[in-house]
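Okay, structure first, notes after.
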Amino acid sequence: MAEGMSTDKGALNRILSDQKLVVSRAQALACGMTLDMLRSRIRTGGPWQRLLPGVYLTVTGTPTRVQKEIAALLYAGKDSAITGLAALDRHGVRVADSGRITLLVPANRPRKAMRPSTCGQRRGCQSTSTTMAPFGS
């Protein structure tokens with residue numbers, strides 16, 4: 001089947017616009033892309049790059065801080081949230097950029113390997129804090 005026949009390009013473009021050119025595998029598949037289409041795009045020298053397992057940047061080049069944050073949130077899943085210095089930065093508070101993105105993830109969610117990362121349970125919270133080291137480390 002030809003690529004354009006089943007892919008909802010309008011839906012995919014809306015996702016890419018909303019998420020600063022970052023998309024999850026599940027989102028791409030829901031728009032009608034096939035696994036072969038995804039593999040073709042993320043191959044060595046292809047137009048897309050893998051930021052995290054199942055999360056892609058749909059352009060070449062270095063991802064921005066915002067794109068990395070979106071990728072981390074997509075990877076961590078529903079109800080996750082940016083916290084710590086990255087959250088302060090998002091709200092306009094001047095902070096030193098450590099290159100780390102700290103997320104709160106519901107405590108009942110199975111942990112995913114977010115390498116390199118530091119995971120730990122926060123006391124008094126019903127969430128797990130996961131800190132992702134700088135991308136490309």
Count of residues meeting criterion [without any contact (Cβ under 8 Å) to a residue 40 or more places away in the chain and touching a strand residue (DSSP E or B) at 6+ places or on another chain (Cβ under 6 Å)] in segment 83-105: 7
When segment 48-71 is checked residue by residue, the ones that are among the basic types (Lys, Arg) and in a strand (DSSP E or B) are ARG50
Go over the candidates GLY45, GLY92, GLY99, GLY32 one by one and state the one that is part of a loop (DSSP other than H, G, I, E, B), under 18 Å from the mean Cα position of the chain (by Cα) and not basic (Lys, Arg). GLY99
Can you find a residue in segment 107-115 that is at pLDDT below 70 and crowded, with 17+ Cβ neighbours inside 10 Å? yes
Find the residue count for segment 62-92, including only residues that are of a type outside the set (Phe, Trp, Tyr), touching a Ser or Thr at 6+ places or on another chain (Cβ under 9 Å) and within 14 Å of LEU52 (Cα to Cα). 5
Given the criteria crowded, with 19+ Cβ neighbours inside 10 Å and either in contact (Cβ under 8 Å) with a residue 40 or more places away in the chain or of a type in the set (A, V, I, L, M) (or both), does LEU57 qualify? yes
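Yes or no, residue by residue, for (1) surrounded by 12 or more Cβ atoms within 10 Å (Cβ to Cβ); (2) in the same structural domain as ARG90 (by TED's automatic domain parsing); (3) modelled with pLDDT under 95; (4) within 24 Å of ALA87 (Cβ to Cβ):
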| site | (1), (2), (3), (4) |
| --- | --- |
| LEU12 | yes, no, no, no |
| ASP18 | no, no, no, yes |
| VAL23 | yes, no, no, yes |
| ALA28 | yes, no, no, no |
| ASP36 | no, no, no, no |
| ARG39 | no, no, no, no |
| ILE42 | yes, no, no, no |
| LEU52 | yes, no, yes, yes |
| GLU69 | yes, yes, yes, yes |
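The values are calculated or read from the model by the stated rules, or taken from the named source; none is laboratory data. Note that the structure is predicted; figures quoted are calculated from it, not measured. When we count neighbours, we look across all protein chains shown, and the Cβ atoms used for this are built from the backbone with ideal geometry, even at glycine.
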